[in-house]
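Okay, structure first, notes after.
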Amino acid sequence: MKQNSTDVVIIGAGLAGLTCAAELIDKGIEVTVVEAAPTPGGRVRTDHHEGFLLDHGFQVLLTAYPTAQKYLDYKSLDLRSFYPGAIIKGEGFSEKMADPFRRPLDGIKTVMSPVGSAKDKLLIGQLRTAMIGRSLEKIYQGKGMRSFDWLKDEGYSDTFITQFFKPFYGGVMLDRDLETSHKMLEFTYKMFAAGDTAVPAKGMGQLTAQLAARIPEGHLLLNTPVKQIKKGEGIELENGDTIHANQIVVATDMDFAREHVEGIPQNTWRGVRCLYFAAPTAPEDDPILVLNGEERGPINNLCVMSKVSPEYGTQDEELISISVLGDGLKLPEDELINAVKNHAISWYGRSTIEQWRHLKTYDIHKGQPDQSDQKLDEIFRDVRFGEELFVCGDHRETASIEGAMHSGQRTAEAIINTRST
Ligand SMILES: Cc1cc2nc3c(=O)[nH]c(=O)nc-3n(C[C@H](O)[C@H](O)[C@H](O)COP(=O)(O)OP(=O)(O)OC[C@H]3O[C@@H](n4cnc5c(N)ncnc54)[C@H](O)[C@@H]3O)c2cc1C
């Protein structure tokens, strides 16, 4: 059995662990990151498949995320932005909704469109103004309530909730029923309004690859699952080796953290399935999100990723990403592909969809921790579990790129604090 030693050992090379590592390295602290998977990134990774770039599920970076701004070099990520708005689709209707503050001409058409009543449009405009002016601290304060109930209390119509909020926030929070705390809705609404919605030209995996590149050679151990934490000693790997460390950071997902650290509550996961198709022509001309504005059909949202960044597609074929929530999570894959194609036929016609070629399906069971109302009453949950043990990850904050990265930053600061006192 080999014995190694380091100052701080971080278990998990997802956004939380990598951000924690970046901050500690910046302060001159020796760090070793130990990751079970063959590549860093955790839930934010991109596969190369037949010349296409396939993200592990449809994911976007909201450029207004404060912690992402601090640790990521946006310029070298070569970010490509989505159209600020969405297309709401159903059988026999297709309506474009634009952010009137960024696309004033399209915004006028939005005001005239049949999606949403005049009151809905007024309310959503007021929400945008309110969120731009409200600090994150203020949004995070107080008690959370079910997003659906909150929207009803605010006065939105049932039709608008079904046509817009359910598919839009269903996609963001992996929760079409809008059980998630309204704090998450306000937080993401603020972020959407305050910046761009974007992906790196070469895939979301560039985010985590950029952070991982900051770790000195020999200090990121891949294919190295951790078996257990040995308090006061370090960690034991599945292969029997031990890494001695002065301080340990558990930056895994919530399951490993709960099994190995006392005080991490039990929670459930929200899942999603993401299907990729190749097509000779794009069903939409714009880099825009298409939402299912009806309560039927398996598709929640669709996007032609090669319109957002051509690098996602190939010279001959476009790349289409489709997210499925709800009942579609349980279908066998061949039935799901047929159901998705039939749903897409009702939007784009048979002759278009017959040309689609299924590339791959990602079944993501562990997408995001459940964030229903009272679970988010406290946004900044403890990261310090003693002098030597720390826990970060999206289960310690909001289930988002920002939440994971900020929990990593807080953990690094807590470690630095133990050394200055
Ligand atoms: C499909 C999908 C869509 C999403 N969309 C968005 C979006 O659009 N915008 C947004 O802001 N957020 C989005 N999110 C949320 C965001 O991606 C996550 O909140 C974030 O990536 C979580 O990062 P993390 O570091 O906390 O955890 P993880 O990424 O899960 O990292 C944990 C790491 O620990 C490793 N690990 C686990 N056990 C061990 C062990 N025993 N030994 C060693 N290593 C171990 C894992 O392999 C993994 O690499 C989405 C998530 C999913 C799944």
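For this structure, a couple of remarks:
- Diffusion coefficient, µm² s⁻¹, Stokes-Einstein with Kirkwood Rh over alpha-carbon pairs of the range 179-333 at 20 °C and 1.002 mPa s: 107
- Gained length - Asp327 relative to Arg134, 0.36 nm times residue gap less alpha-carbon distance: 65.8 nm
- A cut-off of 5 Å between modelled amide H atoms, ignoring neighbours fewer than 5 places along the same chain, links Lys230 with Ile235, Glu236.
- Set of aspartates and glutamates with alpha-carbon distance to Lys183 below 13 Å, sequence-local pairs under 8 removed: Glu137, Asp149, Asp373, Asp377, Glu378, Glu397
- ³J(HN,Hα) computed for each position of the range 331-338 - Karplus, 6.51 cos²θ - 1.76 cosθ + 1.60, integer Hz, glycine/proline x: 6, x, 4, 5, 5, 5, 4, 4
- Fraction of the pair-distance distribution of the range 359-413 above 13 Å, Cα-Cα pairs, percent: 62
- Kirkwood hydrodynamic radius of the range 214-270, from the reciprocal of the average inverse Cα-Cα distance over all distinct pairs: 12.9 Å.
- J(HN,Hα) series, the range 295-309, from Karplus relation 6.51 cos²θ - 1.76 cosθ + 1.60, nearest Hz, glycine and proline x: 8, 10, x, x, 6, 8, 8, 9, 8, 8, 5, 6, 7, 6, 9
- Once the Cα gyration tensor of the range 256-388 is diagonalised, semi-axes √(5λ) in Å: 37, 17, 14
- Computed over the alpha-carbon pairs of the range 34-104, the distance histogram in 10 Å steps reads 14, 31, 35, 16, 5, 0 percent, short to long.
- Whole-Hz ³J(HN,Hα) from phi, Karplus 6.51 cos²θ - 1.76 cosθ + 1.60, for the range 395-408, glycine and proline x: 6, 9, 8, 8, 7, 7, 4, 5, x, 5, 5, 5, 5, x
- Where trypsin sites (Lys or Arg not before Pro) fall in DSSP loop in the range 288-374, at most 10 other Cβ within 10 Å: Arg296, Lys330
- Counting every pair of alpha carbons in the range 323-400, the share spaced more than 20 Å apart comes to 56 percent.
- Amide H contacts of Gly14 (H built 1.01 Å from N, in plane; Pro and chain starts excluded): Gly41 sit under 5 Å, all sequence-distant by 5 or more or on other chains.
- Sulfur and carbon atoms: percent of accessible area, the range 175-295 [1.4 Å]: 43
- Sorted on the mean count of surrounding Cβ atoms within 10 Å across their residues, most packed first, peptides 399-408, 240-249, 43-52, 212-221 read 399-408, 240-249, 43-52, 212-221.
- Close amide H pairs (under 5 Å, H built 1.01 Å from N) link Ser372 with Ser181, residues at least 5 positions away or on another chain.
- Assigned charges on the beta-carbon of Lys, Arg, Asp, Glu; the range 229-307 dipole about Cα centre (debye): 100
- The range 140-256: Cα Rg divided by the 2.2 N^0.38 Å rule of thumb: 1.56
- Over the chain, equivalent-ellipsoid semi-axes from the Cα gyration tensor in Å: 38, 25, 19
The values are calculated or read from the model by the stated rules, or taken from the named source; none is laboratory data. Small disclaimer: the values here were computed from a predicted structure and weren't measured. Note: ideal-geometry Cβ built from the backbone for every residue, glycine included; neighbour counts use all protein chains shown. For accessibility, only protein heavy atoms count, side chains too; no ligands or nucleic acids. Shrake-Rupley method; radii C 1.70, N 1.55, O 1.52, S 1.80 Å.
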